[in-house]
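Remarks on the structure that follows.
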Amino acid sequence: MKNIYKLFILILSVSTVGCTDLDEELYGRLSPDNYYQTEAEALSSVVGVYQKLASITNNGSAWRVSVMGADEFLVPARTNGGWYDGGIWVEYAEHNVTPNNIFNVRAWTELFGTIGAANAVIESLEASPNAENLTAMIAETKALRAYAYFYAMDFWGNVPLLTEARVDAQNLPTNTPRAEVYDFVVTELEAALAELPSINDVDRMSYYPRWSKETVNTALATIYLNAEVYTGTAALDKVLEHTNAVITSSAYSLEAQVVDCFLATNEENSTEIIASFSCDPNQNAGNNQFILYVNHALDKDKYDLPFTPAGGYSVFQEALDRYADGDERKDLIEYGPQTHLNGDPLLKEDGSQLVLTEIQDILAAENDEGYHLLKYAPQGVNWAGFNADNDFILFRYSDILLMKAEALFRQDAASTEALALVNEVRDRSSADPLLSLTLNDIEEERAREFIWEGHRRRDMIRFGSWFDGTWKFKTSTSPDWRGIYPIPGDQINANPNLKQNPNY
């Protein structure tokens, strides 16, 4: 959305904090008497909804909640005093999240803030005297709202379902059953397909990264793949319908390397990126701080960074061990002896080489413990202080291939097409081809391909490993009710009509 942001730096700003506070006064400024007379005015507000939904990818709490409890991501407190709030993170690592955990609270705020913003924009778009020319934009905004609701019902199960811009304080919302929220989400997204253009019918550069038919098809495939978790009934035929729609569009293909999808210089031209959220910190239009939060301090010299990284976000040993030597995706994880880009040893102040080792204590990790993932590459970045301009990636074409493979395999374990699709993804990263396929192979391949992209928690719940698996710092199995998180305590206190999830 760099192109859009250049047009609309001053966009709709919303301050929603939950389902019971939708800031009626602010939304009241967006009346049809003074706004949405033109398509450009309308788009400036839709950009604001995109910005808020970006919390599911952009290091916001919604993204953190999607990765923190899985076996790929942890943040230890450091013995040098860094990341001293490790106790907040450890609740996720141990599957002991409490209602008042600050990330749980903030994730709810972010997602329902997105929903509130979308409700306000939709209401004003539909009331605009120019509404008949804004049908595609209305569908676009409803699709964004639906995807925010997908995350909400994925995290918390039975959540309030609100489509109005204002909440009646005398009639506060109640929990809507998860299956009903699911039905709402897929109905809204299916309806959007009829209104949104195919990426083949627009100028790809100028439209980037607004949602197209192919984006919505990918969102629907993602949701249908998890249908049995949400409703008790699988929807594998729908997964195949929507993955095939993207494949037959011929609009996408795999990049030469995975890292190509995460370069600041490539997003608008990528053949693989189906959906992303734009960053341009030099124009006050979003920022990417992954390198700040992830990399070791000495990477300042290795990558000639204009700041010293904080070395917080780390990779589990179990995640590193998934990759065989020769798999190019393993090269994106910094582990063991570290070198400069020219191969010279990366030296610490005492003259010894930096060696990154496994974290031993999540509440007292040494500075050189922890492996670091170069999810967003520092090369080619236009920096604004410690803010990078790598766009945040939501959907990639490799996910289409692996979702189709999983749906085919679950229907027929002997599917040769499923095996071929998995090997197509593996071949891109020079991983040896599989000679046969199991569900565990598919789960592990998804874990390798989409590490830290927000899929792993959902995948582990769908495959069952979230509950029966153990790994370092999660030493016991988890009961089924841990498949959803507690509704934040502040929301329960503010709205007595809400019921807490079982056992919390």
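Data overview
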quantity: Cβ-Cβ under 7 Å pairs, at least 6 apart or on other chains, region 239-265 side buried (at least 19 other Cβ atoms within 10 Å of the Cβ), far side aromatic (Phe, Trp, Tyr) and modelled with pLDDT of 95 or more; calculated: Val239/Tyr224; His242/Tyr224; Val246/Tyr252; Tyr252/Tyr397; Leu254/Tyr397; Phe262/Tyr376
quantity: Number of positions in region 303-324 that are of a type in the set (D, E, K, R) and farther than 25 Å from Phe450 by Cα; calculated: 1
quantity: Within region 329-356, tally of residues that are in a strand (DSSP E or B) and either at negative phi or among the polar types (S, T, N, Q) (or both); calculated: 9
quantity: In region 243-258, the residues that are of a type in the set (S, T, N, Q) and assigned to a loop (DSSP other than H, G, I, E, B); calculated: Ser249, Ser250, Ser253, Gln257
quantity: Meets criteria (part of a helix (DSSP H, G or I), modelled with pLDDT of 95 or more and under 26 Å from Pro76 (Cβ atoms)) for Leu305; calculated: no
quantity: Set Lys404, Lys348, Lys330: member being within 22 Å of the chain's Cα centre (by Cα), without any contact (Cβ under 8 Å) to a residue 60 or more places away in the chain and over 16 Å from Asp260 (Cβ atoms); calculated: Lys330
quantity: Check on Phe386, aromatic (Phe, Trp, Tyr), closer than 25 Å to Glu328 by Cβ, surrounded by 14 or more Cβ atoms within 10 Å (Cβ to Cβ) and out of contact with any strand residue (DSSP E or B) (no Cβ under 7 Å at 6 or more places or on another chain); calculated: no
quantity: Among (1) touching an Asp or Glu at 6+ places or on another chain (Cβ under 7 Å); (2) more than 21 Å from Gln51 (Cβ to Cβ); (3) crowded, with 24+ Cβ neighbours inside 10 Å; (4) not basic (Lys, Arg) - the single one Ala146 does not satisfy; calculated: (2)
quantity: Qualifying position, being closer than 30 Å to Val355 by Cα and among the aliphatic types (A, V, I, L, M), among Ile291, Ile223, Ile274; calculated: Ile291
quantity: Residue within region 463-471 that is over 27 Å from Gly326 (Cα atoms), without any contact (Cβ under 8 Å) to a residue 60 or more places away in the chain and more than 25 Å from the chain's Cα centre (by Cα) present; calculated: no
quantity: Verdict on Ile223 being assigned to a helix (DSSP H, G or I) and buried (at least 23 other Cβ atoms within 10 Å of the Cβ); calculated: yes
quantity: Hits in region 463-494 - residues which are farther than 14 Å from Tyr92 by Cα and crowded, with 21+ Cβ neighbours inside 10 Å; calculated: Ile487, Pro488, Gln491
quantity: Single residue of region 431-489 satisfying the filter (in contact with a Lys or Arg (Cβ under 8 Å, 6 or more places away or on another chain) and aromatic (Phe, Trp, Tyr)) that is farthest from Val67 (Cα to Cα); calculated: Phe467
quantity: Any chance Ile102 is among the hydrophobic types (A, V, I, L, M, F, W, C) and within 19 Å of Thr141 (Cα to Cα); calculated: no
quantity: Selected residue (only one of Tyr335, Tyr323, Tyr313, Tyr376 is closer than 19 Å to Lys474 by Cα and aromatic (Phe, Trp, Tyr)); calculated: Tyr313
quantity: Qualifying residue in region 437-446 (condition: within 19 Å of the chain's Cα centre (by Cα), surrounded by 21 or more Cβ atoms within 10 Å (Cβ to Cβ), at pLDDT 95 or above and outside the structural domain of Pro209 (by TED's automatic domain parsing)); calculated: no
quantity: Count of residues meeting criterion [part of a loop (DSSP other than H, G, I, E, B) and either touching a strand residue (DSSP E or B) at 6+ places or on another chain (Cβ under 8 Å) or under 27 Å from Asn217 (Cα atoms) (or both)] in region 262-294; calculated: 12
quantity: Sole exception among (1) touching a helix residue (DSSP H, G or I) at 6+ places or on another chain (Cβ under 8 Å); (2) surrounded by fewer than 20 Cβ atoms within 10 Å (Cβ to Cβ) for Leu401, by number; calculated: (2)
quantity: Residues satisfying the stated conditions in region 177-198, i.e. surrounded by 21 or more Cβ atoms within 10 Å (Cβ to Cβ) and farther than 22 Å from Leu162 by Cα; calculated: Leu196
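The values are calculated or read from the model by the stated rules, or taken from the named source; none is laboratory data. All figures in this text were calculated on a predicted structure; none of them were measured in a lab. Positions of Cβ are backbone-derived with ideal geometry, glycine not excepted, and every protein chain shown enters the neighbour counts.
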